[in-house]
Structure formats: C-alpha cells, structure tokens
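Readers should treat all values here as calculations from the given coordinates under stated rules, not as data from a laboratory. Just so you know, these numbers come straight off a predicted model, no measurement behind them. For neighbour counting, all protein chains shown are included, and Cβ atoms are generated from backbone atoms with ideal geometry for every residue, glycine included.
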Amino acid sequence: MTQPDDAPDTSRGAADRPRVLIVDDHDLFRTGLRNLLEDQELEVVGEASSGHEAIVRVREDAPDVVLMDINMPGMSGVEATREIARVSPLTRVVVLSISDNDGDVIDAVLAGACGYLLKDSSIDELLRGIQAASVGDSLISPQIAAKVLQRLRATGSREPAAGVQTDLSERELDVLKLIANGKDNAQIAAELHISPKTVKNHISNILMKLQIENRIQAAVYAVRRGIV
C-alpha cells in the first residue's frame with residue numbers, strides 16, 4: 001500500500017481528495033460511516049442501499065472509490081462489483097463487510113474488488129484502504145489474507161512454479177511472498193530493509209510481469225503457483 005513518503009505520487013489537495021460512494025443496506029451504518037469519512041475530510045459523493053442503486057450512482061457520480069457491502073437484498077455486492085468493473089473501470093471497489101468467509105473474499109477479488117476489509121477494521125486501516133484504492137493500489141486485512149491462503153491451499157489446485165521463478169527476480173519473489181501474507185508496503189519495506197517507494201516499484205514490476213491488475217490477485221497467484 002502506498003505510504004506517505006511517496007507523496008509526489010499520491011498526495012491530494014482539497015480539490016483532489018478521493019471521491020467515495022458508500023454502499024450498504026443499513027441506513028445507520030451508512031450515516032455513521034459518512035460522518036466518519038467527512039470528519040477525515042474525505043468527499044462522500046453519495047450513498048446507495050443496494051447493488052442496483054450503486055451501479056446507477058457510479059454511472060452518475062463517477063466516484064474514485066466505492067465502499068461495498070457484500071450481503072445485500074437483491075443484487076449482491078459481488079455482482080455489483082463485477083458490473084462496476086465493467087461500466088466504470090477507473091472506479092475502484094473496496095469491500096467493507098462483516099463477512100470473513102474466504103469464499104466471499106475470493107469471489108469479490110475475482111469480480112474486480114481491489115480491497116477487502118472487515119467492518120471492525122480500525123479507522124486508520126479503513127483510510128489506508130481508501131487511499132490505496134484511490135491510487136490504484138489495494139489492501140486486504142491480514143486475517144482475511146490468512147483465510148484466503150488456507151482456502152487456496154486446501155483446494156490443492158496449485159500449478160508448477162518453475163516459470164515464475166525465471167520471470168521474477170529474487171527480490172520480487174520476496175515481495176510477492178509478503179504480499180500474499182497480507183503485508184502492506186510499509187511492513188514489506190521494514191521486513192526487507194528497503195524504502196516503501198522501492199517496494200512500490202517492485203510491485204509494479206510484479207504486476208506487469210504476471211499480467212495481473214492488483215496485489216490481491218498477485219496473492220492468489222502466489223498461492224496457486226506454490227510460491228507461498
């Protein structure tokens with residue numbers, strides 16, 4: 001995830017804050033979350049109480065980031081995420097759900113979500129997730145990442161890792177392994193004793209070489225190829 005010392009790439013002025021759409025079928029939760037985000041000086045462009053309404057609002061308001069619940073009546077958050085990825089590919093979806101079901105996580109990622117956070121996440125973690133999504137990065141809760149790893153390992157559907165070993169450098173493999181374990185850029189930088197900006201460069205190279213869109217898909221790839 002992008003960190004403060006990457007300010008030249010990610011700093012935002014008052015007119016360039018992430019524009020956020022909140023999607024949840026519970027009125028009180030939406031109101032509370034809106035107040036929290038606005039207290040943090042983020043721009044909330046609107047709210048939606050269903051997947052269908054979310055798609056309409058995305059078309060009308062073109063938010064930078066959608067905070068998406070999973071379990072809603074009618075169209076699910078996964079279905080809405082898939083449609084948003086189709087109609088507005090520059091809009092990033094971060095799932096904010098009470099569900100820590102690994103199947104929900106995998107479904108959301110495959111539908112195009114670039115982040116998955118639990119509703120009991122800290123305010124700081126939520127803000128990091130929004131900021132990461134707004135600059136094309138992604139974040140997944142470490143506990144969720146662990147569950148995804150367990151699920152993918154249990155399926156036994158791993159592929160040979162030989163090709164990957166030759167495509168990625170040793171350092172890129174180190175970064176990929178840490179991504180797959182739910183580490184953000186600051187944690188990866190600290191563990192490998194490199195700068196967050198260097199981590200970001202490595203991640204860009206990994207995504208390009210593997211021809212995938214975000215770090216969550218990279219984590220899934222790493223497990224399926226037996227890298228972690």
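Brief remarks follow.
- In terms of its alpha-carbon gyration tensor, region 84-138 comes out oblate; a/c meets the 1.5 threshold, while b/c is at least as large as a/b.
- Tyr116, Tyr221 arranged by Cβ crowding within 10 Å, fewest neighbours leading: Tyr221, Tyr116
- Anisotropy class of region 158-224 from Cα gyration tensor, a/c 1.5 cut: prolate
- Residue order, fewest to most beta carbons within 10 Å, for Leu21, Leu126, Leu139: Leu126, Leu21, Leu139
- Base-10 log of normalised Debye intensity for region 185-228 (one unit scatterer per alpha-carbon) at q = 0.25, 0.31 Å⁻¹: -0.92, -1.04
- For Ser122, Ser169, Ser99, order by how many other beta-carbon atoms lie within 10 Å, fewest first: Ser122, Ser169, Ser99
- Anisotropy class of region 4-147 from Cα gyration tensor, a/c 1.5 cut: rounded
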